[in-house]
Amino acid sequence: MRVLLLATLALLASRAICQTEGATWTSVTIQKKLSDRFKASVQPELRWTDTSLERRMIETGVEYSPVKFLSTAVTHRYTMETTNNGSLDYHRMALDLMGQFEVNDWEPEVRLRYTNIKDFTADGGANFLRYKVGVGYDVPNFKGKPELSAEAFQELDGHTIRKMRYSVGGNYSINKSHSVALAYKRDDFRSKQKFVNILDMGYKFKF
């Protein structure tokens, strides 16, 4: 019993000394259906760290769905970041392979993403593979869908998992064209004693 108590106290103490930040992300997504298989989108986004506006981003992308449960996407993101040493501008390309299924009211999904620069800069830029698994629940007779997900960021050079991201939230369809999303995310930087708690809010318009 004493060993278990000491181990618990040691774990709590190690977590207490970790650096923790708060962040708020806000985005607007405009999506155009080009055909039954193609979609195009543009997404401006603002990200605050604590109370400071740190990043202003705009992302464009095209998604292709060869079959109902499988899709691919290519995106480009331009970021303007404010740092203690001034401003920093950089680009990021991403390639996605996504699978989504329906099991009764459940919607499990997986995503594999390659990026040539990560969208966090605490550890510098690098090539990454990001592995994401999640599940949504289509609540009967309700326009909202709660969702859970976990994502691992693996650096290709060292094959190490540099960061984990956990998310719980959901989206609500106002009508056929308009929807809103709200989520709490937690970034766990494995290479550092650091966590970031994120409030993510988004609006989406489809036409």
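Readers should treat all values here as calculations from the given coordinates under stated rules, not as data from a laboratory. Quantities reported herein were computed from a predicted structural model and do not represent experimental measurements. All Cβ positions, glycine included, derive from the backbone under ideal geometry; neighbour counts span all protein chains shown.
Got a sec? Charge dipole of the chain, +1 on Cβ for Lys and Arg, -1 for Asp and Glu; which of ALA150, VAL67, GLY170 is way out at the positive end?
Value: VAL67.
Over 32 Å between Cα atoms: which of LYS33/LYS132; LYS33/LYS192; LYS68/LYS192; LYS163/LYS204; LYS39/LYS185 fall into that group?
Violating the 32 Å Cα-Cα cut-off are LYS33/LYS192; LYS68/LYS192.
Can you compute the FRET efficiency between HIS159 and ARG186 using 1/(1 + (r/R0)^6), with r the Cβ-Cβ distance and R0 = 30 Å? Round to the nearest 0.05.
Working: r = 24 Å, r/R0 = 0.79.
Using R0 = 30 Å, I get an efficiency of 0.80.
Could you give me the ³J(HN,Hα) list for region 192-207, computed from phi with Karplus coefficients 6.51, -1.76, 1.60 and θ = phi - 60°, whole Hz, x at Gly and Pro?
Per-residue couplings from phi come out as 9, 7, 8, 10, 10, 9, 10, 9, 10, 10, x, 10, 10, 10, 10, 8 Hz.
Any idea which of MET98, ASN127, PHE205 is furthest toward the positive side of the dipole for the chain, if Lys and Arg beta-carbons carry +1 and Asp and Glu beta-carbons -1?
PHE205
Given Cβ point charges of +1 (Lys, Arg) and -1 (Asp, Glu) and nothing else, what value in debye, to the nearest 20, does the dipole of region 37-159 about its Cα centre take? Kindly include the intermediate steps, with their values, before the conclusion.
Numbers: 15 positive and 19 negative charges, 73 e Å.
Value, rounded to 20: 360 debye.
Given Cβ point charges of +1 (Lys, Arg) and -1 (Asp, Glu) and nothing else, what value in debye, to the nearest 20, does the dipole of the chain about its Cα centre take?
Here the size comes out at about 120 debye.
Once label points are set 7 Å from the Cα along Cα→Cβ at both VAL103 and VAL74, what is their separation, rounded to one decimal in nm?
Spacing of the two 7 Å Cα→Cβ label points: 3.4 nm.
Taking amide H positions as placed in the peptide plane 1.01 Å from N, state which residues far from ASN127 in sequence (5 or more) or on other chains have amide H under 5 Å from it.
LEU156, ASP157
At 0.36 nm per residue, minus the direct Cα-Cα distance, what do LYS194 and LYS176 gain on full extension? Give it in nm, one decimal, please. Please report the intermediate quantities before stating the final value.
Values: separation 18, 0.36 × 18 = 6.48 nm, distance 4.01 nm.
Stretched out fully, the LYS194 to LYS176 stretch lengthens by 2.5 nm.
Quick one: which of 25-36, 80-91 comes out on top by average Cβ neighbours within 10 Å, and what's the full order, highest first?
Values: 25-36: 13.3, 80-91: 10.1.
Highest mean packing first, the order is 25-36, 80-91.
Work out, step by step, the length gained on full extension between MET201 and GLU54: first 0.36 nm times the residue separation, then minus their alpha carbon distance; give nm to one decimal.
Numbers: separation 147, 0.36 × 147 = 52.92 nm, distance 1.62 nm.
Gain in length upon complete extension: 51.3 nm.
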